[in-house]
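Enquirer: Dropping the structure in here first, questions after.
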Amino acid sequence: MSRREIIAGLDIGTSEVKVVIGEIDPDNERVNIIGYAQVASSGVDKSDIIDIDDVATSIREAAEYAERMAGVQVEGFYVGLPVQHVSIIHNSGAVAVSGKERIVLEEDVERVLHAAQVVAIPPEKKIIDIIPCQFKIDNKTGIQRPVGMAGVRLEVEAMLIALDRSVEQNISRCLEEAGYELFQFILNPLACANEVLKEAEKEVGVILLDIGAGTTELSYFNHGTLLETVSIPIGGNHITADLATVLKIPQRQAEELKFRFVDLANEEDDEVVDMELEVGDYGFDYNEPINRKLIKDIISFRLAEVFDMAIDEIVRIGFKEPPPAGIKVLGGVSSMPGFAEFASECLYANVRYAYDNTDDQSFIIAKGIINYVYHHNFNYVEYDSRDRQGKRAIGGIWRWFKDLFEME
Ligand SMILES: Nc1ncnc2c1ncn2[C@@H]1O[C@H](COP(=O)(O)OP(=O)(O)OP(=O)(O)O)[C@@H](O)[C@H]1O
Ligand SMILES: [Mg+2]
């Protein structure tokens, strides 16, 4: 039986649970996607787990489907972590460069990152990741790869990701109930960035905007790394609810209208919508014929609110104007026709899609997770085909991260 090296990523979204299974191809140094699935999620509201059994069922369903496609059974998942569950703490640390030659070694980097994560946090939170923003060696700043450079004192400015222990427990229980292990969390924007941002974009400054069903995540990258990330509590579900409320139709039909009858870039279209509408939850139906312009106005109004909040965040981050590489959008809502054009007008920025075609966009986070795990040399699992007794293979500096964060 052949040994297979497998990494599985899980994105528990408000509207859908997505699973991607990848197999490491050592010859070509890449991960090949061998299975994927998305199922409607239940038990998630605004990216928050509100029913463990329901979420476990959705995870099991998506995972089993992807496993069948891949012909392997996975032992556990690397799981995308929504930004709203974490607190970001900026901290710094410093150490003396240890070797006689005064050349920075990997151990020095490990020690300085250890030093940077010494910070008082409330007992209900734990640090789950540390992202170096920049290193300094003596008086030189802006260093991204310090190993091999000469100096006496190594400093780091880092971003610590702190997670509520209760969130970790809940997600872990969902996986356990579904029959899987939770290997590690990967913050959603880190997974996305790995998939859709070019190094040059991250270098000069770029914003990622992921507009999902329950939340919108805004993340700012510069100097090659994630510097800020924030969750705005509005997404596509609010648009559906607005349509249902204003037009007094059931949510299911509002969702259909949203998918079928809107082009945000088309100013002229006031054609009457060709769809039989039912009496909604409130008992009355809408008396006027519904035209595309009305639908577009309702949707635009809510999107404009999201964009206003995004501008507030961009200003808070410290910009007077958008970053040089502009704003890249993803998330289900961004697949509305004309979305980027409309967003460009509202955000006064160069807005581009983070993907080439809307069919690919659903799996960006789940795919990004497995590529992130692979490229950062995390643990992954070796499998015999159709064998659930996978064996964790552990490598590199990430072994140390794992030890660090599993210390308690
Ligand atoms: N073509 C489309 N037109 C309009 N809306 C769409 C389209 N495709 C998806 N959506 C909306 O996008 C949302 C789902 O997006 P996505 O899959 O990114 O969300 P999620 O990851 O499940 O949620 P979250 O990230 O907020 O937890 C839903 O509100 C859905 O109605
Ligand atoms: Mg999402």
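Enquirer: Is region 314-336 home to any residue that is within 16 Å of ligand 2 (Cβ to nearest atom) and more than 30 Å from Leu163 (Cβ to Cβ)?
Expert: The answer is yes, given that some residue of region 314-336 is within 16 Å of ligand 2 (Cβ to nearest atom) and more than 30 Å from Leu163 (Cβ to Cβ).
Enquirer: Restricting attention to region 203-219, report how many residues are buried (at least 22 other Cβ atoms within 10 Å of the Cβ) and more than 16 Å from ligand 2 (Cβ to nearest atom).
Expert: Of the residues in region 203-219, 2 are buried (at least 22 other Cβ atoms within 10 Å of the Cβ) and more than 16 Å from ligand 2 (Cβ to nearest atom).
Enquirer: Condition check: in a helix (DSSP H, G or I), surrounded by 20 or more Cβ atoms within 10 Å (Cβ to Cβ) and more than 10 Å from ligand 1 (Cβ to nearest atom). Does Ala200 satisfy that?
Expert: Judged against the criteria, Ala200 is not a match.
Enquirer: Quick one: how many residues across region 1-24 are among the basic types (Lys, Arg), surrounded by 19 or more Cβ atoms within 10 Å (Cβ to Cβ) and more than 11 Å from ligand 1 (Cβ to nearest atom)?
Expert: 1
Enquirer: What's the number of the only condition in (1) at pLDDT below 95; (2) touching a helix residue (DSSP H, G or I) at 6+ places or on another chain (Cβ under 7 Å); (3) within 16 Å of ligand 1 (Cβ to nearest atom); (4) of a type in the set (A, V, I, L, M) that Ile59 fails to meet?
Expert: For Ile59, the exception is condition (1).
Enquirer: For a quick check of your reading: which helices (runs of 4 or more DSSP H) sit entirely within region 226-331 and have at least 1 residues that are within 30 Å of Ala158 (Cβ to Cβ) and out of contact with any Pro (no Cβ under 6 Å at 6 or more places or on another chain)?
Expert: 292-317
Enquirer: Also, quick follow-up: Out of Val112, Val83, Val97, Val72, which single residue is closer than 21 Å to Gly212 by Cα and among the aliphatic types (A, V, I, L, M)?
Expert: Going through Val112, Val83, Val97, Val72 in turn, the sole match is Val83.
Enquirer: Looking at region 183-201, which of its residues are charged (D, E, K, R) and either at pLDDT 95 or above or more than 16 Å from the chain's Cα centre (by Cα) (or both)?
Expert: Listed by number, the residues that qualify are Lys198, Glu199, Glu201.
Enquirer: Something else now. Test Gln73 against the stated conditions and say whether it is more than 22 Å from Val167 (Cβ to Cβ) and over 19 Å from the mean Cα position of the chain (by Cα).
Expert: Against the criterion (more than 22 Å from Val167 (Cβ to Cβ) and over 19 Å from the mean Cα position of the chain (by Cα)), Gln73 qualifies.
Enquirer: OK, next. For region 25-55, which positions are surrounded by fewer than 20 Cβ atoms within 10 Å (Cβ to Cβ), more than 12 Å from ligand 1 (Cβ to nearest atom) and in a strand (DSSP E or B)?
Expert: Listed by number, the residues that qualify are Asp25, Arg30, Asn32, Ile33, Ile34.
Enquirer: Which residue, of Ile207, Ile186, is in the same structural domain as Pro322 (by TED's automatic domain parsing), β-branched (Val, Ile, Thr) and over 19 Å from Lys46 (Cβ atoms)?
Expert: Answer to the selection: Ile207.
Enquirer: Oh, and also: So Val109 fits all but one of (1) among the β-branched types (Val, Ile, Thr); (2) crowded, with 19+ Cβ neighbours inside 10 Å; (3) part of a strand (DSSP E or B); what number is the exception?
Expert: Failed condition: (3).
The values are calculated or read from the model by the stated rules, or taken from the named source; none is laboratory data. Here the structure is a predicted model, which means the values were calculated and not measured. Every residue, glycine as well, gets a Cβ built from its backbone with ideal geometry; the counts of neighbours run over all protein chains shown.
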